[in-house]
Structures are given as structure tokens and as C-alpha cells.
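Trainee: One structure is given below, represented as C-alpha cells, and several questions about it will come after.
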Ligand SMILES: Cc1cc2nc3c(=O)[nH]c(=O)nc-3n(C[C@H](O)[C@H](O)[C@H](O)COP(=O)(O)OP(=O)(O)OC[C@H]3O[C@@H](n4cnc5c(N)ncnc54)[C@H](O)[C@@H]3O)c2cc1C
């Protein structure tokens, strides 16, 4: 019942209850960015650094956050270096990074999603499989001379999906090949974000999830540069390069 009611609200088919719930407008278009930072708690970097000092201090956590915020840049950098700079090859980042929260919206192909969903230290909400966000064309398919046949197969799947989806979207999702994109909202702390980005950007990881992990790493480095710059990423790897090398088309 809850599922049906939420579907109706999402489709704008139910009246809001006493003005509390409002129908959510469905967004159909794929954003250009594979990873967008939709939200983060206030002052995540100061919160993590304050949490690192907390066990050794007598101040309240709030007081420590204020102390960290008032620090000159060099002192703050020294603190970040102490927290993350001495990590051994197999050491996870300090647990103080868990006192943060980031929400991302990720648009990725179903193949890459199979890898994302293994990470249970983050909260994930996936939308249904669809053909409406477009599909990837791996470069290897093009190089093998199979692109026309591949595109024809994707178009046939999309057409069949369109014919079935209004009748039953769950049944229609069976027709969606792994190359099609889907949208997922994920919320995680910075420790998990480090773990995910480092593990999934590694050269032996699949190129489709590497593209996502590298883009997420870049977004984090912009959002929390003092800590984000301690992410261990493969030298010379970036998400755009991954796109160019491995895809003829992404979405
Ligand atoms: C190249 C590669 C090859 C792989 N090959 C295989 C394979 O052959 N077979 C297979 O089954 N799987 C394989 N996997 C998948 C992998 O083994 C895991 O299933 C996947 O990475 C998810 O597990 P995780 O432990 O990373 O989970 P996550 O949910 O991401 O988290 C585990 C991490 O969370 C940390 N943690 C604990 N508490 C917290 C907290 N409160 N906040 C934040 N972090 C916390 C822990 O330190 C741990 O490092 C492969 C993965 C890669 C990248």
C-alpha cells in the first residue's frame, strides 16, 4: 500500500494530505554530471577535525568546531596532516571522518550500479530501471565494429520498455539492458567516501565504476579540500579521461 501510494504521489496523481505531503515532480532528463553533491552537513571538515581532537580535549564538540574554524590555515592543515597524513598502506582513514554526512545523486549504468550496491556503509535509494536516461556505448563495442547492431538492440529494448512501462513498470524493467543509466541517491560519511573512492578508482576496478569514483573524489576535493586532498587515487587517472578512453557515448 505504501509503495502504491508513494508511486501515485510521485506521479502527481494523489492529493496532498492536509497540505503536508506534496506530489513530487518526476525529473526525466539525465543531468550531464554523473555525480552531483546535493547536500552536506554544515562545516563537515571542521566537524571531522574537531571530532579527531575530541577524545584528547575537555571542550564540548561545538567548542572544538569553533576552535578549528578559528585556526589559521597552516594550523588546520597541520591538524589534517596529523589525522590523515600518516596512514599506512592498509590503514582505513580515522573514524573522526564519520562525523560528517554527504548526499550525492549518481547517474550510472546498471553494470556500475551492481558494484555500487555492494557498499552497505552508505544509504542508497535507487530509482527504478528505465531506458529514459539513455545508455552507454563502451568503446570496445565500437572498435569491434558492433556499434550499429548494439545501437539497434538498445533501441529495440527502449521501444519494448515504452510499450510496457505504463502497464507495469516492474515488468518493463526486465527489458532494460545493463548499459542503460539509472539514478541513485546516496548518503555517506567521509570515511566511507574515502573507502569507496579509493577502492573503486583502483586500476583493477571496472572502468564504469572508476569513472564514478574518480568524479566523486573530485567533488569531495572541492567540497572539503583540507581532508579531500588526502584521498589516495591512481596517478594521472581522472573521470573525463576514463570517459574518453572507455566510452563512445555515456547516456
Ligand atoms: C577490484 C575489485 C575486485 C573485487 N572482486 C571481488 C570478487 O572477486 N568477489 C567478491 O565477492 N567481491 C569482489 N569485490 C567487492 C568487494 O569485495 C566488496 O564486496 C565491496 O567492496 C563492498 O564491501 P566493502 O567492505 O568495501 O563495503 P562498504 O560498505 O563500502 O564498507 C566497508 C568499510 O567500512 C568501514 N566502516 C566501518 N564502520 C564504518 C562507519 N561507521 N562509517 C564509515 N565506514 C565504516 C570499514 O573500515 C570498511 O573498510 C571487488 C571489489 C573491487 C574494487
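Where a number appears in this text, it was derived from the coordinates with a stated rule and is not lab data. Note that this is a predicted model, so its numbers are computed, not measured. Here Cβ is always computed from backbone atoms with ideal geometry, including for glycine, and neighbour counts include all displayed protein chains.
Trainee: Once you have a ≥ b ≥ c as the square roots of the Cα gyration tensor eigenvalues for region 163-251, tell me rounded if a/c is under 1.5, and otherwise prolate or oblate according to whether a/b is larger than b/c. The partial results should precede the final answer.
Mentor: Values: a/c = 2.93, a/b = 1.81, b/c = 1.62.
Prolate.
Trainee: Can you compute the label reach from residue 13? Point 7 Å from Cα along the Cβ direction, backbone N cut-off under 11 Å, restricted to region 161-201.
Mentor: 166-169, by backbone N distance to the label point.
Trainee: Working from Cα positions, state the angle (0 to 90°, nearest 10) between the long axis of helix 207-223 and the longest principal axis of the chain.
Mentor: In the chain, helix 207-223 runs at an angle near 40 degrees to the longest axis.
Trainee: To continue, here is another question. Would you calculate the separation in nanometres between label points at residue 114 and residue 204, each defined as 7 Å from the Cα along the Cα-to-beta-carbon direction?
Mentor: Distance between label points: 1.9 nm.
Trainee: Then there's this: Where does helix 147-165 land angle-wise versus the long Cα axis of the chain, in degrees 0 to 90, nearest 10?
Mentor: 80 degrees
Trainee: Something else now. What distance in nm separates the simple spin-label points at residue 58 and residue 132, each placed 7 Å from Cα in the Cβ direction?
Mentor: Distance between the two pseudo-spin positions: 6.1 nm.
Trainee: Quick check: the distance between the Cα centres of region 166-180 and region 60-100, to the nearest angstrom?
Mentor: Result: 45 Å between the Cα centres.
Trainee: For the chain, count the residues as N, evaluate 2.2 N^0.38 Å, and divide the Cα radius of gyration by that value, please. Present the calculation step by step, with values, prior to reporting the outcome.
Mentor: Working: Rg = 21.4 Å, N = 251, 2.2 N^0.38 = 18.0 Å.
Scaled against compact globular proteins, the figure is 1.19.
Trainee: Helix 73-84: angle to the longest alpha-carbon principal axis of the chain, degrees 0 to 90, nearest 10?
Mentor: The helix 73-84 is inclined about 70 degrees to the chain.
Trainee: Using Cβ counts within 10 Å as a stand-in for footprinting exposure, how do 208, 142, 74, 125 rank, fewest first? Could the numbers behind the result be given before it?
Mentor: Working: 208 26, 142 16, 74 8, 125 11.
Going from least to most buried by this count: 74, 125, 142, 208.
Trainee: Arranged by the count of other C-beta atoms within 10 angstrom, fewest first, what order do 212, 106, 141, 235 take? Numbers along the way, then the final one.
Mentor: Details: 212 27, 106 22, 141 18, 235 4.
By the 10 Å Cβ count, ascending, the order reads 235, 141, 106, 212.
Trainee: So what's the back-of-envelope 222 nm ellipticity for the chain, counting only DSSP H runs of four-plus at -39500 (n - 2.57) apiece and dividing by all residues, rounded to 500? Display every interim value, and only then the final one.
Mentor: Numbers: 12 runs with 116 residues, N = 251.
Counting only the DSSP helices, I get -13500 deg cm²/dmol.
Trainee: Label 7 Å along Cα→Cβ of residue 41; region 115-152 residues with amide nitrogen under 16 Å?
Mentor: The answer is 122-123.
Trainee: Using the Cα gyration tensor of region 91-237, with a ≥ b ≥ c the square roots of its eigenvalues, what is the shape: rounded (a/c below 1.5), prolate (a/b larger than b/c) or oblate (neither)?
Mentor: Verdict is oblate for region 91-237.
Trainee: Okay, next question. Treat the count of other C-beta atoms within 10 Å as a stand-in for reagent exposure and order 140, 220, 53 from fewest to most.
Mentor: Working: 140 12, 220 24, 53 18.
In order of increasing Cβ crowding within 10 Å: 140, 53, 220.
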